[in-house]
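Engineer: The structure follows.
The values are calculated or read from the model by the stated rules, or taken from the named source; none is laboratory data. Since we're looking at a predicted model, the values are computed, not measured. Backbone-built Cβ (ideal geometry, glycine too); neighbour counts: all protein chains shown.
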Amino acid sequence: MPAFLAGLNPGWLLIAAGLLALFVRVRVVRQVITIAAPILGILLLSGTPHGVDLLTHETLSITLSFYHVDSLSFLFGLAFLIAALLNAIYALHTDNRIQDGMALAYAGAAVSAVFSGDLLTLFVFWELTAVTSVFLILQAGTRAAYFASMRYLGVQILSGVLLLAGIAYVWNATGSLSIAAFTSLDQPGALIIFIAFGIKAAFPFLHNWLQDSYPKASVVGAVVLSAFTTKLAVYAFARMFPGQDELIWIGAIMTVFPVFFAVIENDLRRVLAYSTNNQVGFMICAIGVGTPLALNGAVAHAFADILFKGLLFMSMGAVLYRTGTTKANELGGLYRTMPWTTLFCLIGAISISAMPLFSAFVTKSMILSAVASTGMIVVWLMLMFASAGVLEHSGIKIPYFAFFGHDSGKRVKEAPFNMLLAMGMASFLCIAIGLPAFLPGFGYEWLYSLLPYPIEAANYQPFTLSHILAQLQLLALAVFAFILLQRLGLYPPEKPGVILDTDWTYRKVGYGAVRWIDTVWAKLGLAMTAVFRGFSERTYDRLVDAFSPRGVLSRNPVSRGMAVWTAVILALVLLVSYLTS
């Protein structure tokens with residue numbers, strides 16, 4: 001590695017490359033930039049020492065740490081860089097400078113955020129992820145995408161404003177901006193920062209920006225969005241709120257409620273958006289448990305989710321690219337002409353379902369074991385139900401209705417080669433990190449060796465008979481339930497419609513209330529203006545009648561004389577003041 005690159009934050013490299021790509025009109029050169037930057041970033045990160053502030057700056061008595069790497073940030077940074085590389089390959093068939101540049105800058109902002117060593121630097125890149133990612137929604141070029149992007153940007157900026165307010169409280173109370181875990185939400189600024197993180201993590205009732213924006217993004221944009229925003233929030237919670245009991249129940253609820261929406265949703269990219277809520281819920285719950293095994297599970301599952309969720313979004317993006325839709329009622333039978341896309345989608349579906357020998361099995365099992373060890377039976381049952389639900393909506397519904405099910409009659413071409421290459425690479429990683437260690441440095445032990453608590457991870461074995469049997473039984477029951485409901489005609493049919501979620505309260509009721517207030521205020525304003533104008537005109541007329549040269553006070557000699565003598569006395573006072581100064 002050249003000496004001048006030593007200590008360079010790979011996130012900054014991606015941001016610079018993304019900005020450069022915005023101005024490069026030659027498509028081949030831009031493609032080289034978007035692929036070379038993540039590869040170089042991975043090489044830079046691989047040679048970076050841990051636990052050292054490599055780039056610091058002091059200003060106004062504040063020490064800013066721009067590049068701090070430890071075992072927690074390293075794994076998230078590595079996952080983000082791998083995702084940036086896969087996304088760049090997936091987008092090679094397009095010729096869109098804004099999309100290429102902003103996708104790379106967005107990835108760079110996320111990488112820079114996880115390597116931030118202080119709260120102020122975290123805030124800067126936290127906001128930069130919002131500004132750069134909104135372009136990926138706008139590039140869809142539809143009216144719906146425009147309005148969704150504006151709502152998305154407003155929510156993300158709100159998260160940043162709350163984060164900055166919380167940082168101000170922390171600075172005022174402690175005089176420090178170092179990133180350190182809060183021991184209680186009662187600490188100054190902790191609750192505000194908690195809510196700011198919760199918005200980006202799509203907590204219940206704060207989650208609608210995700211289902212609103214991701215399905216409306218461009219084909220490439222949805223894939224890129226799936227990798228960074230919510231996982232950055234998971235990193236932030238793992239860094240600053242490990243062991244917070246409130247996260248256990250929040251995470252458990254996050255795993256359960258999306259299952260019901262995803263099962264009845266017709267838009268398959270929207271199904272994946274709900275699935276994102278579900279998977280992030282497992283991570284949040286594990287962070288709330290806060291034991292070494294639970295935190296290892298949260299971080300490992302975040303790494304795996306970036307890969308298999310990205311793979312599923314890639315497969316649905318390929319379907320959208322070729323057919324123009326991801327509506328389940330308009331698809332089916334695509335396996336005939338898109339066999340490779342079908343295969344890769346099945347690998348993603350099996351991976352997210354935690355089938356043994358696939359990635360989520362070696363990551364989610366840590367979370368379930370950690371929750372079981374706490375004795376919280378209700379939470380554990382909620383996670384088990386959610387695990388079965390994952391198989392229903394992402395493991396079965398996505399591939400079944402897109403590629404099998406009823407034959408839609410669509411006979412489209414297979415996805416472009418670059419899309420297949422990106423999906424193939426993601427599929428390989430989903431399998432590679434889910435296997436036992438058949439070869440040195442290969443299999444789940446490679447991932448476990450990078451976790452924040454390597455000793456605890458080394459003592460945990462996912463491939464035990466009890467783990468394997470329990471997971472196979474759960475998956476078998478979920479498959480049986482799907483088949484039975486289909487046979488009995490009880491499974492929710494795939495048909496066009498609008499699924500109402502909690503965003504209805506502000507998108508419809510709230511919008512209607514605002515319009516009503518605006519109308520009332522406009523009418524009230526006209527009435528108040530008329531009243532004020534009449535009052536002011538009458539007041540002016542009375543003042544003129546009283547004080548003008550032809551007014552009441554000037555109509556008799558006494559009043560005129562008083563006015564003259566008042567002017568004379570005022571002149572004398574001014575003259576005396578001038579002479580005595």
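Engineer: Among the numbered criteria (1) outside the structural domain of L368 (by TED's automatic domain parsing); (2) over 13 Å from the mean Cα position of the chain (by Cα), which one does L232 miss?
Structural biologist: All conditions pass for L232, except number (2).
Engineer: How about segment 16-131: which helices (runs of 4 or more DSSP H) wholly inside it have at least 3 residues that are among the polar types (S, T, N, Q) and over 27 Å from L447 (Cα atoms)? Reasoning before the result, please.
Structural biologist: Numbers: elements: 27-46, 71-90, 97-114.
In segment 16-131, no matching helices (runs of 4 or more DSSP H) lie anywhere.
Engineer: Please name all residue pairs, on different chains or six or more residues apart, with Cβ atoms under 9 Å, provided the first residue is in segment 95-119 and is in contact (Cβ under 8 Å) with a residue 60 or more places away in the chain and the second residue is of a type in the set (D, E) and part of a helix (DSSP H, G or I).
Structural biologist: These pairs meet every condition: A109/E127.
Engineer: If we scan segment 423-437, do we find a residue that is at pLDDT below 85, farther than 24 Å from A227 by Cα and either surrounded by fewer than 18 Cβ atoms within 10 Å (Cβ to Cβ) or more than 32 Å from the chain's Cα centre (by Cα) (or both)? Give the derivation first.
Structural biologist: Our first condition is that a residue be at pLDDT below 85; within segment 423-437, this holds for 437.
Among the residues that remain, those that are also farther than 24 Å from A227 by Cα are: 437.
Going one step further and asking which of them are either surrounded by fewer than 18 Cβ atoms within 10 Å (Cβ to Cβ) or more than 32 Å from the chain's Cα centre (by Cα) (or both), we end up with 437.
Among the residues of segment 423-437, at least one is at pLDDT below 85, farther than 24 Å from A227 by Cα and either surrounded by fewer than 18 Cβ atoms within 10 Å (Cβ to Cβ) or more than 32 Å from the chain's Cα centre (by Cα) (or both), which makes the answer yes.
Engineer: Run down L232, L206, L247 and say which single residue is farther than 30 Å from A422 by Cβ and at pLDDT 95 or above. Spell out how you get there, then give the answer.
Structural biologist: On the way: L232 fails: farther than 30 Å from A422 by Cβ; L206 fails: at pLDDT 95 or above.
Checking each option against the conditions leaves just L247.
Engineer: Within segment 409-426, how many residues are of a type outside the set (A, V, I, L, M) and in contact with a Ser or Thr (Cβ under 8 Å, 6 or more places away or on another chain)? Steps first, please.
Structural biologist: Taking segment 409-426 and keeping what is of a type outside the set (A, V, I, L, M), we get 409-411, 413-414, 416-418, 424.
Then keep just the ones that are in contact with a Ser or Thr (Cβ under 8 Å, 6 or more places away or on another chain); that gives 410-411, 413-414.
So the count comes out to 4.
Engineer: Can you list the helices (runs of 4 or more DSSP H) lying wholly within segment 367-452 that have 3 or more residues being assigned by TED's automatic domain parsing to the domain that holds S73?
Structural biologist: Working: elements: 377-390, 398-403, 417-432, 444-448.
Result: empty, no element qualifies.
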